[in-house]
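Beneath this line is the structure, given in structure tokens, with notes to follow.
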Amino acid sequence: MTGATVLVADGDATWTPDGLTAHARGITATTPSAPKAALASIEVTKPAGAAPTVSLDGGELALWPKLSLTGIGGKIVEDPGARGRYIIDLAGGYGGVPGTLWTAKGDFVPSATTASLDLEAAKFQLDRLAPILEHSAVVDYQSTSVDTSFHLDADKTGARFSGQFHLTGLNVGHPYIAEKEVRDLDMSGQIAGSYARETRTLELTKGDFVVHNLPFSITGSAVRAPRIVDETQYVPLGKENRDKKGPRKGPHGLQAVSLRFVVPSIGCQKVIDAIPTEMAPYMAGYKIKGMFDADIHLAIDWNDLDALDLGGHVGINKCKVVDEPEHSPKRLKEEFDQYVDTEKGEWESFKVGPSNPDFVPIHDISPYLISSIMSSEDYNFYQHHGFIPSEFRTALINNLKSGGFVQGASSITMQMVKNVLLYREKTLARKLQELFLTWHVENTLDKDRIMEIYLNVIEYGPDLYGIGPAAHEYFGKAPKDLQPQEAAFFSSILPNPKDRYRQYCQNTLTKWTEDKIQRQLGKMFERKQLTPEEYERATQTPLIFVKSSSESEEDCLKRVKKAIKNARPTNPLAAKPDDEPKTKKPKPKPRSSE
């Protein structure tokens, strides 16, 4: 009936004319709602003619694998004034930490299958949870305090809940969040919602939060997939299973999720000020006027991912920059220094501008190359304002189908920002700044300048930056003389230029590249970027590398292998503790025009 399994190590009971006393020890249980539940002991005393009292000791309840309530103890007694109603008075801690950190008081009526409970964790310092937090992203938790209270009503149909929390002085450090620790965060929230047992639906009807003085709300629902006897009936997530038919479920057994994220109208400067400097060093020093707001919704059904709904608006275009730091995108209007990481922790630079003989103005770049790059990377580059909403949706669908990250949604402007204004660490902080700087670049530079910078800084092979050197390296010609098939080749290598440079070493194209070039030429023809005669000539003309170097194929491949090795690890967590790079030039942060 309940889906629970309970094991009792041992127990005893004594009956006398005065009543009953019973003990059970070493109790463990598994339930559909929690991975683990246990009690060191439970005692039931029932005096003759009176209601029983239940005393608990050494309880543990794992709500999910990394969160457990422990040291649970207290009593459950019948209410003297209301027969059949039981009073709950429990207390405990978290994760095996000794002491009382929370209390639970309320009542339940077994005959009506109803319960009411007030949970409270009075303000305490997080150093009480040191054994739990010492390996977490929370750092210097001695100065962090938490204060929470929640109310829960339950019956046989489900539960309704409401509550609030306040977190003060939170310090967080993790390579996926930001390069530096994010300190002195204040966070508070008020939530309310319900859980429907029959449909396994959790609904958040109220989720009002304030982080660093920035208010926002999150509401929505989550539906867990039905429990079935044979779990193998579900089609697993993964690229290899994306086209298979059958029921699917997402992470944590979810079947569907619906979310709405809202930021009420607030001054643009207040939004900037609310972001900790450690999270956004490149946004520091900006002065912005105007009002900002956001309203975004997302609906996912894992059984119909193609129907995914993603929409809404982000009102950043109502903001206007009135003052900006020296390292802002305005410096890109003139010649600037571009830094590239040649090896682990080693940086070199080159000029992007007329003083560099390898720099190529946009009017000296083959229109075939520009068309090909746009066709493969960002077809509507000259029409949008830095973001491609439809691509966000498409990328999200494909990533969900594959169960991992297989496709991005970066416009050419976003790629330029990542290459020129930011570094490639994969952190939440970098993504946040990427979005802001993309907006600012689009409001600072014209499209031709963005394209010109992009083509002159991106990598086309190991230590091969800019279309000028690349056109001479591969084909022995100036960028303005590139033909359609050569332009299509450059489009084919951009996602992975180091690895695909092997084709140049071996003086041959892979079957994948040949097909990619033909598809790319077909796209350009369909979009009227090629005339019928140009298309026919391009598809019939073989691609020929010009290898003027005396470097052998073996040495060339060794160079590629070294370049790929030196580019890793891109994930900061993968670096070994003793990997202390020798730096030729320190990592320049923030970038400046000096």
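The values are calculated or read from the model by the stated rules, or taken from the named source; none is laboratory data. These figures come from a predicted structure and were not determined experimentally. Heads up, the Cβs are rebuilt from the backbone with ideal geometry, glycines too, and the neighbour counts pull from every protein chain shown. The accessibility values were calculated without ligands, DNA or RNA, using every heavy atom of the protein model including side chains. Shrake-Rupley method; radii C 1.70, N 1.55, O 1.52, S 1.80 Å.
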message = Just to be sure I understand the filter: pairs with C-beta atoms under 6 Å, separated by 6 or more residues or on different chains, first member in the range 252-264 and among the basic types (K, R), second member open to solvent by less than 80 Å² (accessible area, probe 1.4 Å) and at pLDDT 95 or above. Which pairs pass?
response = R260/T219; R260/G220; R260/H297
key: Test for I467: is it modelled with pLDDT of 95 or more, closer than 26 Å to I564 by Cα and of a type in the set (A, V, I, L, M)   = yes
query = Say we look at the range 132-165 and pick out the residues that are assigned to a strand (DSSP E or B) and among the aromatic types (F, W, Y); which of these is nearest to the chain's Cα centre (by Cα)?
reply = F165
Extreme residue, least open to solvent (accessible area, probe 1.4 Å), among residues of the range 302-312 that are more than 19 Å from the chain's Cα centre (by Cα) and not hydrophobic (A, V, I, L, M, F, W, C) = G312
inquiry  = Just to confirm my filter: which strands (runs of 3 or more DSSP E) fall fully inside the range 2-121 and include at least 3 residues that are among the β-branched types (V, I, T)?
reply    = 5-16, 19-30, 36-47, 67-78
message = Pairs please, first residue from the range 201-220 and acidic (D, E), second anywhere and open to solvent by 70 Å² or more (accessible area, probe 1.4 Å), Cβ atoms under 8 Å, 6+ apart in sequence or on different chains.
response = E203/Y195; D208/Q190
remark   = Pairing a residue in the range 285-308 that is among the aromatic types (F, W, Y) with any residue that is crowded, with 17+ Cβ neighbours inside 10 Å and in a loop (DSSP other than H, G, I, E, B), where Cβ atoms lie under 7 Å and the two sit 6 or more apart in sequence or on different chains, gives Y286/E324; W302/R248; W302/K249; W302/G250
Residues of the range 417-452 that turn out to be of a type in the set (D, E, K, R) and in contact with a strand residue (DSSP E or B) (Cβ under 8 Å, 6 or more places away or on another chain), as a count = 1
Residues being open to solvent by 50 Å² or more (accessible area, probe 1.4 Å) and among the β-branched types (V, I, T) - total across the range 167-201 = 1
inquiry  = Taking the criterion of being surrounded by 19 or more Cβ atoms within 10 Å (Cβ to Cβ) and either under 29 Å from P281 (Cβ atoms) or of a type in the set (V, I, T) (or both), would at least one residue in the range 477-487 satisfy it?
reply    = no
Residue check for D499: open to solvent by 30 Å² or more (accessible area, probe 1.4 Å), more than 27 Å from K562 (Cα to Cα) and of a type in the set (D, E, K, R) = no
task = Please go through the range 528-564 and pick out each residue that is open to solvent by 80 Å² or more (accessible area, probe 1.4 Å), under 21 Å from S372 (Cα atoms) and in a loop (DSSP other than H, G, I, E, B).
result = K528, P542, I544
query = Mind checking which residues of the range 330-344 are more than 24 Å from I493 (Cβ to Cβ), open to solvent by 30 Å² or more (accessible area, probe 1.4 Å) and in contact with an Asp or Glu (Cβ under 8 Å, 6 or more places away or on another chain)?
reply = K330
request  = Return the only residue of L543, L530 being within 15 Å of Q483 (Cα to Cα) and in contact with a Pro (Cβ under 7 Å, 6 or more places away or on another chain).
outcome  = L530
key: Scope the range 292-328; condition among the aliphatic types (A, V, I, L, M) and farther than 20 Å from F387 by Cβ; matching residues   = A299, I300, L305, A307, V322
inquiry  = Condition (residue is among the polar types (S, T, N, Q) and without any contact (Cβ under 8 Å) to a residue 24 or more places away in the chain) applied to the range 476-487: is it met by at least one residue?
reply    = no
ask   = In this structure, does V271 turn out to be at pLDDT 85 or above, assigned to a strand (DSSP E or B) and surrounded by 15 or more Cβ atoms within 10 Å (Cβ to Cβ)?
value = no
message = Taking the criterion of being free of Cβ contacts under 8 Å to residues at least 12 places away in the same chain and either buried (at least 16 other Cβ atoms within 10 Å of the Cβ) or among the acidic types (D, E) (or both), would at least one residue in the range 139-156 satisfy it?
response = no
ask   = What are the pairs, 6+ residues apart or on separate chains, where a residue within the range 369-384 that is more than 19 Å from G468 (Cβ to Cβ) and touching a residue at least 24 places away in the same chain (Cβ under 8 Å) has its Cβ under 6 Å from a residue that is outside any helix (DSSP H, G or I) and open to solvent by less than 20 Å² (accessible area, probe 1.4 Å)?
value = M374/F381; D378/S411
inquiry  = Tell me the residue from G99, G95, G81 that is modelled with pLDDT under 95, surrounded by 14 or more Cβ atoms within 10 Å (Cβ to Cβ) and either touching a Leu at 6+ places or on another chain (Cβ under 8 Å) or not hydrophobic (A, V, I, L, M, F, W, C) (or both), please.
reply    = G95
